[in-house]
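Undergrad: Quick one: the structure is below, questions incoming.
The values are calculated or read from the model by the stated rules, or taken from the named source; none is laboratory data. Keep in mind that this is a model prediction, so the values were computed, not measured. FYI the Cβ positions are ideal-geometry reconstructions off the backbone, even for glycines, and counts take in every protein chain you see. In case anyone asks, the SASA skips ligands and DNA or RNA and just uses the protein heavy atoms, side chains included. Shrake-Rupley method; radii C 1.70, N 1.55, O 1.52, S 1.80 Å.
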Amino acid sequence: MRRLPRSTLLAGALLFGAFSIAAWTIDRALEKRILAQARSEVALQLGLYASTISVMLDRRLERVSAVAAFVESMTSIDDIDRRFPMFAERMMHGGAGIRSIELQRSGIIDWVYPAMRAPEVLHGDARRIFGPAVAEQIAATLKTDRTTVAGPIPNWLGGLGIVARRAIRSRVAGAPDLVSVVVHLDSLLLAASTDARIENLTLVVLDRAGRVVSPLDGTPPADAIRAEVEVPDGKWEVMGAPRDGWAAAVATSLVPLRVAIAMIVLLMSAVAFGVLSGRSRLEAAVHDRTRELNTANRELQSEIEERAKAEERLRAQEEQLLQSQKVATIGAMAGSVAHDFNNFLTAIIGFGSEAHERASELEVSPSSEGARQIRADLDEVLRAAEYASALTQQLLAFSRRGVVQTTPCDVGRITTEAAPLLRRLLGPLVQLETRVTEQPVFVYADREQLVQVLLNLAVNARDAMPDGGRLSIAIEECVTNERPAGDTEAAPGPYVRIVVSDTGSGMTPEVLSRVFEPFFTTKSVGKGTGLGLATVVGIVRRAHGFIEVASELGQGTEFRVHLPLFSTPIASATS
Ligand code: ADP
Ligand code: MG
């Protein structure tokens, strides 16, 4: 697995951070919404609770009218005594929170239900027992046909009570004139909360004076929801808040959401990271591909260069082929001309020599002066013919008409043997130096042709040193590692090198570039044929060698003839 670049990791971390911030913002907003939702839910519950309280309270207090009607329907005190407990029992039943029902006459409580609670109040004066405020209420109630409600007030049986009172208009003598129904507030509030299915809220009920009347925890939480409770004589208030606080209430819905958000953030980060690392893998792939392309491009480039070189070589070869074809054509033509010309020359020289003989015989006669003149003329004719003959020989050599006999020959020995001939040719003004290897160095060539190479080079050197100089011929062994420039036939390998250098006039670059051309000469007619070096090149080529030349005007010239070293000469062929 490829290691991810630092930039990809950084981008991934940044994205994760950005997602986290977004998630946090979403979480904040959600929390607000959920809190608001929870509050409105609590408000609904409280509303329900408040109306349950008022309905329950109303229903219980209303029973005071039922009791009053019941008593009014009785025709005797006996009836009242007998039937009141049963009726009161029915009234209390199914009305949780009614603590007691009392009947009194002129303030004296003569009937109480349940009776077991009676001893302390039975036959007592309510105005005395409950104090002046109650006495006042009783007096006021007796004057009206309406129900009056008092409380909450501490009940003599404990807790807070609400008391509904109503006057009884009975015609029975000694019948009660007032009924009181006492509602136990604690029980009622509890029953209301059960009815309203309120379980998880802290509730506080305040009466119209703002006093806490609920039996439960008396401190309303600061962030509680409030609702009004309608009661017969005004408005109470109920306050509520989640028992474990709002945070806990919100948590139940918020926690799963938070988990979901966290998972989404992780998922998005993972996806983003996947995309990023994919992109970086893509970049790496592109990079690799680019490198491959560059390599391919370089290879292509070098191939193109290689091809250009090959084409250049081919072109050089073609040029050389053309050149050698031209040379061969010229050679063939020159050869055939020279052959015929040689035959004529044979005749000319033959007849010329005969005429010369005859003229010698005539010299004793009186007219010898004319004969001597004829002999002198014939001398000239013969000299010209000799020259022409030499020229044709050269032409024949150039056109390879001569008989060639290739054998392994020791170049050192040939040079040493040719030295006297060369000295005669060079004349007294030119000094000849030869330097040959101790060991024989063999090449596979025609001996006569090798001598001709030396002769041609020596004659040229002599012509370049009319005022004398030095010609040195050195034989060396050498190895060429590369193909000689412009030469396609000579292969790299061991060679025998014949270095022919003179101290003559040298050549201009123009002359130097054309020296090997057939018939190129800088010499006057009768002196140069322009075939010397062309012949040398022909011989050297045929022996699979090559030739180099270096020349500087006024300094001298050096020809370096290379012939492949023949390493295993046949002993008998060395002579
Ligand atoms: P030729 O000797 O008949 O002129 P070659 O082919 O032998 O023909 O030589 C061609 C020409 O090369 C000569 O005319 C001469 O200008 C020049 N040349 C050859 N060898 C030498 C040399 N050693 N020094 C100066 N010039 C030379
Ligand atoms: Mg020459």
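Undergrad: Note the full-extension length gain between Gln393 and Asp379 as 0.36 nm times their separation in residues minus their Cα-Cα distance, in nm to one decimal.
TA: Stretched fully, the Gln393-Asp379 segment lengthens by 3.0 nm.
Undergrad: Under a Cβ-only charge scheme (Lys and Arg +1, Asp and Glu -1), can you give me the dipole magnitude of the stretch 122-199 about the Cα centre, in debye to the nearest 20?
TA: Taking the Cα centre of the stretch 122-199 as origin, the dipole is about 400 debye.
Undergrad: Any chance you could give the angle, 0 to 90 degrees and rounded to 10, that helix 77-92 forms with the longest Cα principal axis of the chain?
TA: Roughly 0 degrees, rounded to the nearest 10.
Undergrad: Does anything in the stretch 520-549 have its amide N under 16 Å from the 7 Å Cα→Cβ label point of Asn481, and if so which residues?
TA: none
Undergrad: Counting Lys and Arg as +1 and Asp and Glu as -1, each charge on the Cβ, what is the dipole of the stretch 196-277 about the Cα centre in debye, to the nearest 20?
TA: 260 debye
Undergrad: Order Phe351, Phe519, Phe566, most accessible first, counting only protein heavy atoms with a 1.4 angstrom probe.
TA: Numbers: Phe351 155, Phe519 100, Phe566 55 Å².
Highest to lowest solvent-accessible surface, that is Phe351, Phe519, Phe566.
Undergrad: Something else about it: Could you work out, for the stretch 294-349, what percent of all Cα-Cα pairs fall into each 10 Å distance bin, beginning at 0 Å and stopping at the bin that holds the largest distance?
TA: 21, 21, 18, 14, 11, 8, 5, 2
Undergrad: With r as the distance between the Cβ atoms of Val259 and Asp233 and R0 = 41 Å, compute the FRET efficiency 1/(1 + (r/R0)^6) and round to 0.05.
TA: Once rounded, the FRET efficiency stands at 0.20.
Undergrad: Nearest 10 degrees, 0 to 90: what angle lies between the long axis of helix 185-195 and the longest principal axis of the chain (Cα atoms)?
TA: 40 degrees
Undergrad: Let me ask another. What does the stretch 455-547 give for Rg and for Dmax, in Å, if only its C-alpha atoms count?
TA: My reading of the Cα-based Rg and Dmax gives 14.5, 42 Å.
Undergrad: How large is log10 of I(q)/I(0) for the stretch 43-112 at q = 0.14, 0.28 Å⁻¹ when the intensity is taken from the Debye formula with one equal scatterer per alpha-carbon?
TA: For the requested q values the scattering log ratios are -0.52, -1.32.
Undergrad: May I have the pair-distance distribution P(r) for the stretch 282-321, computed from all Cα-Cα distances with 5 Å bins from 0 and rounded to whole percent?
TA: 8, 20, 15, 12, 10, 11, 7, 7, 4, 4, 2, 0
Undergrad: Moving on. For the charge dipole of the stretch 173-258, defined by +1 on Lys and Arg C-beta atoms and -1 on Asp and Glu C-beta atoms about the Cα centroid, which residue among Trp236, Val250, Thr219 has the Cα displaced farthest towards the positive pole?
TA: Farthest towards the positive end: Val250.
Undergrad: Tell me the angle of helix 447-464 to the major Cα principal axis of the chain, expressed in degrees between 0 and 90 and rounded to the nearest ten.
TA: With rounding to tens, the tilt is 90 degrees.
Undergrad: Return P(r) of the stretch 346-463 (all Cα-Cα pairs; 5 Å bins starting at 0; whole %; ordered from short to long distances).
TA: 2, 9, 14, 13, 13, 12, 11, 9, 7, 5, 3, 1, 0, 0
Undergrad: Now, a different point. Would you mind calculating the gained length between Leu267 and Arg90 on full extension (0.36 nm times residue separation, minus the Cα-Cα distance), in nm to one decimal?
TA: Working: separation 177, 0.36 × 177 = 63.72 nm, distance 6.73 nm.
Once the chain is fully extended between Leu267 and Arg90, it gains 57.0 nm.
Undergrad: Give, in whole angstrom and from largest to smallest, the semi-axes √(5λ) of the equivalent ellipsoid of the chain, with λ running over the eigenvalues of the Cα gyration tensor.
TA: Those come to 164, 19, 18 Å.
Undergrad: On to the next question. So if I restrict to the alpha-carbon atoms in the stretch 278-384, what is the Rg, and what is Dmax, the biggest pairwise distance, in Å?
TA: 38.2, 126
Undergrad: Then there is this: Taking only protein heavy atoms into account and a 1.4 Å probe, give the accessible area per residue of the chain in Å².
TA: 58 Å²
Undergrad: Run the quick spin-label model on Ala308 and Ala135: label points 7 Å from Cα toward the beta carbon, then report their separation in nm to one decimal.
TA: Simple spin-label model gives 13.6 nm for this pair.
Undergrad: With no solvent and one equal point scatterer placed on each C-alpha of the stretch 132-209, evaluate the Debye formula and give log10 I(q)/I(0) for q = 0.11, 0.19, 0.20, 0.27 Å⁻¹, two decimals.
TA: Taken in order of the listed q values, log10 I(q)/I(0) reads -0.40, -0.89, -0.94, -1.27.
Undergrad: Be a star and scan the stretch 264-278 for residues whose amide nitrogen sits under 20 Å from the point 7 Å along the Cα-to-Cβ vector of Ser20.
TA: What the label zone holds, given the 20 Å backbone N cut-off, is 264-277.
Undergrad: Contour minus end-to-end for Ala13 and Phe519, with contour as 0.36 nm per residue of separation and end-to-end as the Cα-Cα distance?
TA: 173.4 nm
Undergrad: Hey, any idea what % of the chain's accessible area is carbon plus sulfur with a 1.4 Å probe? Don't skip to the end; give the middle numbers.
TA: Details: 18930 of 33180 Å².
The value for the chain is 57 percent carbon and sulfur by accessible area.
Undergrad: At 222 nm, what helix-only mean residue ellipticity would the chain give, in deg cm²/dmol to the nearest 500, using -39500 (n - 2.57) for each DSSP H run of four or more?
TA: Mean residue ellipticity at 222 nm (helix-derived): -19500 deg cm²/dmol.
Undergrad: How much of the pair distance distribution for the stretch 422-466 lies past 13 Å, counting alpha-carbon pairs only, in percent? Intermediate results must be reported in sequence, preceding the final value.
TA: Numbers: 630 of 990 pairs.
Tail fraction, whole percent: 64.
Undergrad: Quick one, what does Rg over Rh come out to for the stretch 1-64 if you take C-alpha atoms and the Kirkwood Rh?
TA: With Rg and the Kirkwood Rh in hand, the quotient comes to 1.63.
Undergrad: Once both labels are modelled 7 Å past Cα along the beta-carbon direction, what's the Ala247-Thr144 spacing in nm?
TA: 5.1 nm
Undergrad: Taking the Cα centre of the chain as the origin, how large is its charge dipole in debye, to the nearest 20, when only Lys and Arg (+1) and Asp and Glu (-1) carry charge on their Cβ atoms?
TA: 3340 debye
Undergrad: Which Cα, out of Ala419, Thr407, Ser76, lies furthest along the positive dipole direction of the chain (beta carbon charges, K/R +1, D/E -1)?
TA: Of Ala419, Thr407, Ser76, it is Ser76.
Undergrad: Which residue, Leu178, Leu61, Val381, has the largest displacement toward the positive end of the dipole of the chain when charges sit on each Cβ (Lys, Arg +1; Asp, Glu -1)?
TA: Of the listed residues, the answer is Leu178.
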